[in-house]
Amino acid sequence: MAVAEENSVFLISSKIDYSKFRLFSWSVTESLSGNLKEFRIVIPRSLPIINQLNYFIISAYVSYKIGRAFNPQIVHGNIGYPGGFWSYCVSKILGVPFIISEHYSRFKYNFRSPIHKFLTLFSMKRATRVLSVSSHSAEEIEGNINRSVDIVPNMIDVKRFSLKNNLDDSLQIGFLGSLDSDTHQKGLDLLLDALKDFDLDFILHVGGSGRYLNYYKTLTKEYGIESKCQFYGFIAYESIPVFMNKLHFFVSASRFESFGIAMIEAMASGLPVIATNSGGPKDFIKDFNGLMVEVNSAFAMQLAIQKMAHNLEKYKSEEIRSYIEENYDKENFKRQITEIYQESILEK
């Protein structure tokens, strides 16, 4: 949860520490970065029946104490549950408006219980503004709360990325994402299937870690492409620009995607992108920067890879990067969110 006062923001995060058991106890740590002050609340788990209630009471109480010292003008909650309801409680106590940003993909499938659903929708219907990161997610949320949702896409610092260098003759393809989903959300299995009979010389660079890493490595052996796939494991934030500069183009094979920040980072590096029509990508995949294919189709993915490989000269790195600078750079985000803050404060 972010809380804004004039010309500054303080961030409050809260989590339950399930490794410890203690009733009505918590700890708070503080950190400062520029004009951003962060407070981290850690709450030991309590009795099963009252665990969530204990979490909300303590989070709201500590947030209220912090908020009184800062006299904020607005509260900004992230994620409908628990962030949205938590922000609602704090805004009521402090007497200021609140807004909610929802980042989850497949919004209606993320409710863990009827209470979870009720509190999420209760908060969103009462927020001054509700924000989403893509038009696809916004439409889904609007269908559940019967009100308009503002689209404020995720952002990156474009200056961290540079245009790609001259590369080897063999095709360099990139994939970056979590390998921890039981539903194989990021679709690496589909991408490997698409490449198993690919007729051009290629190297697939795979960034990401998770429980299914060894499963995907086994698939490369079964498909006979083990020597053509390089697995890097987890790639740190500061190393992502270096990873992108190894590539001719980037592929997202996701089954569902609320936004797709890795694709934006790839395009900031001047790379064209192949993406599935999985939600978020429809907002930024255009003819000049990539190709869109149907979800869950290794055959469609293979055709798209072949098409892009044979038409790389069509994609202009400078044009692709400029599009990201104009629409997804952090400065653009700051302008959008500041305008929403100001309007929300006036709407109080």
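Some values worked out for this structure:
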read-out	value
Alpha carbon Rg of the chain, scaled by the compact-globule rule 2.2 N^0.38 Å	1.09
Loop-resident sites, the range 107-138, for trypsin sites (Lys or Arg not before Pro), counting at most 15 other Cβ within 10 Å (DSSP)	112
Order by protection proxy (mean Cβ within 10 Å, highest first), peptides 170-176, 12-18	170-176, 12-18
Pairwise FRET efficiency - residue 200 versus residue 116, Cβ, R0 = 51 Å, nearest 0.05	0.60
Residue-span extension gain [residue 32 to residue 19] - 0.36 nm each, minus C-alpha spacing	2.0 nm
All-pairs alpha carbon distance profile, the range 140-234, 10 Å steps from 0, percent	13, 35, 26, 18, 8, 0
Across 37/117; 159/314; 217/246; 159/221, pairs whose alpha-carbon gap is larger than 29 Å	37/117; 159/221
Kirkwood-type radius of the range 113-153, with distances r between different C-alpha atoms, in Å	10.4
Cα point-scatterer Debye curve for the range 158-328, base-10 log of I(q)/I(0) at q = 0.08, 0.13, 0.14 Å⁻¹	-0.20, -0.56, -0.66
Computed lengthening from residue 51 to residue 287, 0.36 nm per intervening residue step minus Cα-Cα distance	79.9 nm
Efficiency of FRET between residue 342 and residue 311 - r from beta-carbon atoms, R0 56 angstrom, step 0.05	0.80
Neighbour-count ranking [beta-carbon atoms within 10 angstrom, fewest first] of 297, 33, 59	33, 297, 59
Neighbour-count order for 119, 36, 11, 191, fewest beta carbons within 10 angstrom listed first	36, 11, 119, 191
Residue order, fewest to most beta carbons within 10 Å, for 164, 221	221, 164
Added length on full extension, which subtracts the Cα-Cα distance from 0.36 nm per residue, residue 333 to residue 93	83.5 nm
Computed [θ] at 222 nm, deg cm²/dmol, the chain (DSSP H ≥ 4; -39,500 (n - 2.57); rounded to nearest 500)	-11000 deg cm²/dmol
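All of the numbers you see were taken from the coordinates with simple rules; none came from a lab. Model, not experiment: these values are computed from the prediction. We place every Cβ from the backbone using ideal geometry, glycine too, and count neighbours over all the protein chains shown.
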